[in-house]
Amino acid sequence: MSKSELMRDFLAAMSRRDPAALEAMLAPDVVFMFPKTRPWEGREAFLKFIRILWSKYGELVFDPISYVVEGDAGCVHWRNSGRRADGSEYANEGITLCRFEGDRFTWLSDFFKDTEIF
């Protein structure tokens with residue numbers, strides 16, 4: 001599987017809220033950097049964060065725009081949209097920087113335009 005396909009599949013799993021698919025894509029010692037939080041270290045910590053994130057949204061869909069891959073590093077530019085748990089609409093745009101080992105993510109770091117809600 002190419003790194004671009006891995007990033008695409010990651011966003012698809014996020015959109016359909018599939019923790020088992022996400023878990024299969026993560027190295028056991030993955031590190032996740034998210035704005036305004038501490039680093040989330042390890043697969044279980046990442047999945048805990050994602051479940052918290054999902055609880056804040058009734059729907060959250062990620063649409064990939066473009067990918068850049070160089071060696072064991074990559075970046076995906078995405079847009080997302082959906083509804084918050086209170087029913088209000090949500091939309092954002094950002095990038096996720098990635099590092100890989102084989103077909104697994106070892107490091108992810110999100111950057112996005114609107115951080116005011118966090």
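Quick one: which residue in Glu116, Glu44, Glu93 is farther than 17 Å from Leu11 by Cβ and modelled with pLDDT of 95 or more?
Glu44
From the list Ser88, Ser55, pick out the single residue that is free of Cβ contacts under 8 Å to residues at least 24 places away in the same chain and either farther than 19 Å from Ala27 by Cβ or not charged (D, E, K, R) (or both).
Working: Ser55 fails: free of Cβ contacts under 8 Å to residues at least 24 places away in the same chain.
It is Ser88.
Which condition number in (1) in contact (Cβ under 8 Å) with a residue 40 or more places away in the chain; (2) loosely packed, with under 13 Cβ neighbours inside 10 Å is the one that Phe105 fails?
(2)
Suppose we filter Gly82, Gly58 for residues that are assigned to a strand (DSSP E or B), at pLDDT below 95 and of a type outside the set (Ser, Thr, Tyr); which single one remains?
Gly58
Filter the stretch 8-28 down to residues that are in a strand (DSSP E or B) and in contact (Cβ under 8 Å) with a residue 60 or more places away in the chain, then give me how many there are. It would help to see each step written out before you state the result.
Of all residues in the stretch 8-28, those in a strand (DSSP E or B) come to 26-28.
Narrowing further to those that are in contact (Cβ under 8 Å) with a residue 60 or more places away in the chain: 26-27.
Selection size over the stretch 8-28: 2.
Of Val76, Val68, Val31, Val61, which residue is of a type in the set (A, V, I, L, M, F, W, C) and without any contact (Cβ under 8 Å) to a residue 12 or more places away in the chain?
Working: Val76 fails: without any contact (Cβ under 8 Å) to a residue 12 or more places away in the chain; Val31 fails: without any contact (Cβ under 8 Å) to a residue 12 or more places away in the chain; Val61 fails: without any contact (Cβ under 8 Å) to a residue 12 or more places away in the chain.
Only one candidate qualifies: Val68.
Take the residues in the stretch 1-54 that are surrounded by 14 or more Cβ atoms within 10 Å (Cβ to Cβ) and among the hydroxyl-bearing types (Ser, Thr, Tyr); name whichever of them is nearest to Ser66 (Cα to Cα).
The qualifying residue nearest to Ser66 (Cα to Cα) is Ser4.
Quick check on the stretch 74-101: of everything there that is surrounded by fewer than 15 Cβ atoms within 10 Å (Cβ to Cβ) and among the hydrophobic types (A, V, I, L, M, F, W, C), which residue is farthest from Leu6 (Cα to Cα)?
Residue satisfying both the conditions and the ranking: Ala85.
Would you mention how many residues in the stretch 15-41 are modelled with pLDDT under 95 and under 13 Å from Thr106 (Cα atoms)?
So the count comes out to 0.
Looking at the stretch 34-52, which of its residues are in a helix (DSSP H, G or I), touching a residue at least 12 places away in the same chain (Cβ under 8 Å) and within 18 Å of Tyr90 (Cα to Cα)?
Those that are in a helix (DSSP H, G or I), touching a residue at least 12 places away in the same chain (Cβ under 8 Å) and within 18 Å of Tyr90 (Cα to Cα): Ile50, Arg51.
The values are calculated or read from the model by the stated rules, or taken from the named source; none is laboratory data. Computed from a prediction, not measured in an experiment: that's the story for all the values here. No Cβ is skipped: glycine too gets one built from the backbone with ideal geometry, and neighbour counts run over all protein chains shown.
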